[in-house]
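Here is the structure we will look at.
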């Protein structure tokens with residue numbers, strides 16, 4: 001069996017394509033059920049965020065993995081096969097390294113972000129609850145999550161702008177210089193919206209409106225930050241009263257459509273309106289950027305903010321990479337030991353058979369107690385196997401287990 005990681009991210013795929021590939025909550029359940037029915041894939045976890053859509057899994061070989069991906073995207077999602085041309089693919093140790101770096105925040109648009117750790121944990125939990133994860137992938141994700149926590153606990157990689165919302169607020173500051181006095185509307189009441197509001201307050205802004213579908217959660221969030229809650233239907237009527245709109249919802253369809261925004265901004269008399277859309281799929285129709293005095297930014301436009309903050313954390317990134325490498329080696333060692341188990345089981349069975357025959361013959365002659373015979377057999381076997389197990393444990397640290405297993409199988413003629 002081999003490990004695989006395949007997908008797209010902000011690095012190789014623009015938001016226009018990522019939003020089409022995004023696997024929302026309603027699509028995730030059927031996708032995991034589809035995985036469980038595949039004969040070519042034994043385990044799989046799906047990670048879908050605003051910056052990436054990735055499949056992590058274990059399969060017999062690369063052909064089986066590619067067949068699974070093709071089946072899902074063309075049969076289940078009804079997309080052209082060419083969609084897979086955008087995918088990157090990692091195998092075995094490269095796939096393990098990719099997952100560990102993603103969980104540590106080293107592969108994020110916002111290097112060191114904390115949100116990805118929770119997103120990986122949620123993806124893992126959902127796959128496990130659906131029965132799409134078993135022993136090996138379970139251990140892999142446990143190790144990656146621990147490495148992600150260690151990176152954040154042992155380094156200062158999370159200093160500076162360390163989330164998409166915080167980067168969005170920094171972008172707003174670059175545009176306006178100072179957010180004091182600017183009227184802001186936040187669309188959404190989820191975690192990202194809450195983070196955006198928190199960062200806006202830290203930057204000195206006073207959000208005017210929080211728009212959401214759910215009045216209860218939206219009102220609580222609005223009250224927390226001294227804003228007024230409005231319904232989604234009221235957004236357009238309030239556009240004339242704000243300078244900045246920051247949107248982050250889980251909607252599959254645009255919240256702000258071109259024609260509606262055009263009508264709303266007509267009454268602004270060319271007063272600039274800045275729209276920051278950090279949702280995937282996007283909340284705001286990209287064509288609104290064509291409107292006079294309307295400036296639209298999406299999640300991919302945050303790269304300049306990321307680049308400015310990145311140099312401040314170069315040393316911390318290097319330290320984080322060391323933690324990731326160490327965690328990878330630990331997982332490799334465990335995996336090597338796991339792969340040795342079948343051969344060692346055969347050796348134990350072989351020894352049990354020989355010891356049982358010889359000790360039973362001795363017991364018959366000396367009239368020895370059967371319990372004593374069993375204890376003696378166990379002690380002899382343990383002493384014989386102690387050294388081989390120690391050697392295999394050491395060899396698992398440098399990938400040398402296969403050589404020992406081949407020698408054991410050959411010497412004892414184990415089938």
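The residues of segment 6-44 that are out of contact with any strand residue (DSSP E or B) (no Cβ under 8 Å at 6 or more places or on another chain) and within 30 Å of residue 285 (Cβ to Cβ), listed by number, are 11, 13, 14, 16, 19, 20, 25, 26, 27, 29, 30. Scanning segment 175-207 for residues that are in contact with a helix residue (DSSP H, G or I) (Cβ under 7 Å, 6 or more places away or on another chain) and over 24 Å from residue 119 (Cβ atoms), we see that the one that is modelled with the highest pLDDT is 185.
Of all the listed residues (252, 243, 283), the sole one being touching a residue at least 40 places away in the same chain (Cβ under 8 Å) and over 33 Å from the mean Cα position of the chain (by Cα) is 243.
Can you spot a residue in segment 64-81 that is outside any helix (DSSP H, G or I), on the phi > 0 side of the Ramachandran plot and at pLDDT 90 or above? Step through it out loud before you land on a result.
The first filter runs over segment 64-81 and keeps only residues outside any helix (DSSP H, G or I), leaving 77-80.
From the residues that got through so far, the ones that are on the phi > 0 side of the Ramachandran plot too are 78.
The next check asks that each one be at pLDDT 90 or above; those that pass are 78.
The answer is yes; a qualifying residue exists.
Select, from 33, 60, 43, 54, the only residue that is surrounded by fewer than 15 Cβ atoms within 10 Å (Cβ to Cβ) and within 24 Å of residue 332 (Cβ to Cβ). After ruling out the rest, the residue left standing is 60.
The values are calculated or read from the model by the stated rules, or taken from the named source; none is laboratory data. The structure presented is a predicted model; accordingly, all values stated were derived computationally and were not measured. Glycine gets a Cβ as well: all are built from the backbone with ideal geometry, and neighbour counts include every protein chain shown.
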